[in-house]
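Enquirer: Just passing along the structure, written as structure tokens.
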Amino acid sequence: MANLSETLPTVGTYSQSLQDEIRDAAWKQCSAALSGNDGSHDVHHVRRVVALVLKIAAEEKLSGDETFVAEIAGILHDVNDRKYVSGDDQPADLHGMLLNAGMQGNDADTVVRVTEQLSYSSELKGIGVPPDRILGVVRDADRLDAIGAVGVGRCLTFGGAKGRVMHDPAVAPVLNMSAEEYKKHEGTTINHFYEKLVSLKDRMCTESGKKVAQSRHAFMMSFLQQFEAEAKAEA
């Protein structure tokens with residue numbers, strides 16, 4: 001189970017007007033980058049993640065400035081997502097955009113680092129482990145949106161968008177994959193629940209995230225139980 005690092009990134013102080021300018025620039029970058037994505041990784045997903053970031057940050061007692069940096073990282077967390085950005089494409093220059101919008105260099109560094117260390121595969125590689133407080137909050141927020149009722153919907157949406165087989169009882173889930181194996185793996189949509197999503201409850205970083213994950217995990221497991229029963233004509 002992850003624990004938050006005691007090492008905290010330095011955070012600058014911003015006026016409300018400057019916060020608004022930086023926030024607006026981040027949302028514009030996000031909206032442009034995600035405009036062609038399917039519904040599993042669209043702007044609505046980001047808005048849910050940001051709402052969870054703010055909720056968890058408040059419960060974990062992050063400072064106002066730490067919360068602002070976490071919020072911006074939440075807004076930008078999927079802009080350079082490798083699932084949607086071609087290897088030939090130039091990644092968006094988030095650092096330069098944030099500096100142009102008025103964010104201090106050290107905080108822009110933190111935002112970019114969080115977006116780069118947020119993913120499940122990064123954790124498998126030991127990157128961002130244990131997370132600092134800002135990374136932990138954003139990581140939990142993103143993972144909470146991957147489980148529960150919303151998570152079920154997102155998983156099915158992503159699988160359909162990528163043309164994956166929804167369920168094949170002859171194909172067993174591949175468990176305990178390495179980061180490289182996970183990156184290359186393309187299994188069925190239902191197997192993805194067992195290969196990744198059911199483990200997220202125990203990978204939460206914050207106490208607040210752990211509490212929210214309990215009910216969402218329970219719903220997801222109930223869905224899987226019902227799905228398996230129907231797939232076998234037992235329900």
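The values are calculated or read from the model by the stated rules, or taken from the named source; none is laboratory data. A quick note: this is a predicted structure, and the numbers were derived from the prediction, not measured. Cβ coordinates were reconstructed from backbone atoms using ideal geometry, including for glycine residues, and neighbour counts include every protein chain displayed. Heavy atoms of the whole protein, side chains included, go into the accessibility calculation; ligands, DNA and RNA do not. Shrake-Rupley method; radii C 1.70, N 1.55, O 1.52, S 1.80 Å.
Enquirer: What 222 nm value per residue comes from the helices of the chain, counting each DSSP H run with n ≥ 4 as -39,500 (n - 2.57) and dividing by all residues, nearest 500 deg cm²/dmol?
Expert: Values: 11 runs with 139 residues, N = 235.
Taken over the chain, the calculation gives -18500 deg cm²/dmol.
Enquirer: Spelling out what I want: for every residue of the range 108-122, take phi, set θ = phi - 60°, compute 6.51 cos²θ - 1.76 cosθ + 1.60 (Karplus), and round to whole Hz; glycine and proline get x.
Expert: Per residue, the Karplus-derived 3J(HN,Hα) values read 4, 4, 5, 4, 5, 4, 4, 5, 7, 9, 6, 6, 4, 5, 5 Hz.
Enquirer: With respect to the cross-link table entries 28/83; 28/196; 61/83; 184/232, which display a Cα-Cα separation exceeding 23 Å?
Expert: Details: 28/83 20 Å; 28/196 31 Å; 61/83 33 Å; 184/232 29 Å.
Cα-Cα > 23 Å for 28/196; 61/83; 184/232; rest within.
Enquirer: Run the numbers for residue 171 and residue 63: contour at 0.36 nm per residue of separation, minus the present Cα-Cα distance, in nm.
Expert: Values: separation 108, 0.36 × 108 = 38.88 nm, distance 4.74 nm.
In short, 34.1 nm is gained.
Enquirer: Can you give me the C-alpha center-to-center distance between the range 183-235 and the range 87-133, rounded to a whole angstrom?
Expert: Taking the Cα centre of each part, the range 183-235 and the range 87-133 sit 27 Å apart.
Enquirer: Relative to the Cα centre, what is the charge dipole magnitude of the range 80-227, using +1 at the beta carbon of each Lys and Arg, -1 at the beta carbon of each Asp and Glu, and rounding to the nearest 20 debye?
Expert: Details: 18 positive and 19 negative charges, 104 e Å.
Roughly 500 debye for the range 80-227.
Enquirer: Would you check the accessible area of residue 165, probe 1.4 Å, heavy atoms only, in square angstrom rounded to 10?
Expert: For residue 165, solvent-accessible area is about 90 Å².
Enquirer: While we're on this one: Of [x] 6, 15, 25, 25, 14, 8, 5, 2, 0, 0; [y] 7, 31, 36, 18, 5, 1, 0; [z] 7, 28, 29, 20, 12, 4, 1, which one was derived for P(r) over Cα pairs in 10 Å bins from 0, in percent from the structure shown?
Expert: [y]
Enquirer: Within the chain, which is the longest segment that contains none of the GluC sites (Glu not before Pro) sitting in a DSSP loop with at most 12 other Cβ atoms within 10 Å?
Expert: On the way: sites that count: 6, 186, 234.
Longest site-free region, per DSSP loop and neighbour criteria: 7-185.
Enquirer: How large is ³J(HN,Hα), in whole Hz, for each residue of the range 177-192 in order, when computed from phi with the Karplus curve 6.51 cos²θ - 1.76 cosθ + 1.60 and θ = phi - 60°, using x for Gly and Pro?
Expert: 6, 6, 4, 5, 5, 5, 4, 8, 6, 9, x, 7, 5, 5, 4, 4
Enquirer: Oh, and also: Largest first, how would 15, 199, 40 line up by accessible area (1.4 Å probe)? Let's see the in-between values first.
Expert: Working: 15 60, 199 35, 40 0 Å².
The residues order as 15, 199, 40, largest area first.
Enquirer: P(r) for the range 150-198: what percent of alpha-carbon pairs falls in each 5 Å bin, starting at zero?
Expert: 5, 22, 31, 27, 14, 1
Enquirer: Also, quick follow-up: Can you tell me the alpha carbon radius of gyration of the range 128-215 divided by the globular rule-of-thumb value 2.2 N^0.38 Å?
Expert: Numbers: Rg = 13.9 Å, N = 88, 2.2 N^0.38 = 12.1 Å.
With N residues counted in the range 128-215, Rg over 2.2 N^0.38 Å equals 1.15.
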